[in-house]
Each structure stands twice: as structure tokens, then as C-alpha cells.
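Following: one structure in C-alpha cells, then a few remarks.
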Amino acid sequence: MYLAHSFMSDEKKHNFQQPLVLAVEDHDDSLLLISYALESLGCRFICQADSSATLIVAKEYQPDLIMLDILLPGLSGIDVVRHLKQEPLTREIPVVAVTALATREDRERILMSGFDDYISKPYMIEDLEAIIRRLLYERLESHSVYELCQD
């Protein structure tokens, strides 16, 4: 399904009980890595390359987790998370900042703006997986991306 420069994983491959994650990232390589990690964890996902429709998509699909880049064209991730946290339908959805902003001050500013967690690029896939697992702990099976790659 294409929606505002978005794509959604094939729902036929996954059980509808699996968590749904919305990933908003404007770099194709980063989006590919995130989608690979999500698919390996058994998540359904929607990926977007820009932030313009994030609030609409989040309200419509009610994802279990949102992974949001900070430096996006149009609205920044910080602006988007503020809108998400003000909206009754989306305020309880955990949002993870996935960003190249890596200083301690950046991290503090980002977390204070409403994000539930933070990971800086470049990151290890195991670190990304650990954040996803922690925020979706009761909804995920116990497969590790790292373990799957070792087979």
C-alpha cells in the first residue's frame, strides 16, 4: 500500500497480532535497515520518507511504536512528536528518535521534547533491536536479528 510516499509491509506474511511500527526516515539506507530489523523481529511496519503525513498515518493505523528521524524535510521530528503527544489518539504511542544528532545536549533536548527513547546513527542493529524489544516487550517473539544473521 502506498500512502503519502509510504509503504506498508505485506500483512499477509504476518499475523495481525504482531506489533505495527511506523518508521519515518528520509534516507533510503537507514529506512532499509530499520525495515529489515522490524521484519526480522516479526513486526508489521509502515515506512515513510517524509514527515508531512505522520500524524494522519498514526491516527489512522494506531501503530504500537513510531520510529522517527529528527532531521526531516518539512516538519522536523521534534515538531512531529509534539503534535503526536498533543493528540489524544496518538499521545500514548511510544516514539523513538533515530537521529544523527549525537551530543549529550542533543539527546537531552530530544528526550525533553517528548520522545520515549533515543538512538544515534550510526548504530548497531542489536542496539536498535534492544530498544524495539524494550518498548514492545510483550508483543514480540524472541528472535534476534543478530541470531538470524548467524544461521
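The values are calculated or read from the model by the stated rules, or taken from the named source; none is laboratory data. These numbers were taken from a predicted model, which means no experiment stands behind them. Ideal geometry is used to build each Cβ from the backbone, glycine not excepted, and the neighbour counts take in all protein chains shown. Areas reflect the complete protein model, heavy atoms only, side chains present, ligands, DNA and RNA absent. Shrake-Rupley method; radii C 1.70, N 1.55, O 1.52, S 1.80 Å.
A few comments on the model shown:
- Taking the criterion of being part of a loop (DSSP other than H, G, I, E, B) and either among the acidic types (Asp, Glu) or open to solvent by 40 Å² or more (accessible area, probe 1.4 Å) (or both), the only residue of region 111-120 that qualifies is 116.
- Residue among 108, 126 that is closer than 20 Å to residue 28 by Cα and in a helix (DSSP H, G or I): 126
- Matching residues, region 27-44, being within 13 Å of the chain's Cα centre (by Cα), more than 17 Å from residue 121 (Cα to Cα) and open to solvent by 10 Å² or more (accessible area, probe 1.4 Å): 39, 44
- All positions within region 37-59 that are closer than 15 Å to residue 98 by Cα and touching a residue at least 40 places away in the same chain (Cβ under 8 Å): 37, 38, 47, 48, 49, 50
- Of the residues in region 125-138, none is closer than 23 Å to residue 50 by Cα and surrounded by fewer than 16 Cβ atoms within 10 Å (Cβ to Cβ).
- Looking at 68, 89, just one residue is modelled with pLDDT of 95 or more, exposed (fewer than 13 other Cβ atoms within 10 Å of the Cβ) and outside any helix (DSSP H, G or I), and that residue is 89.
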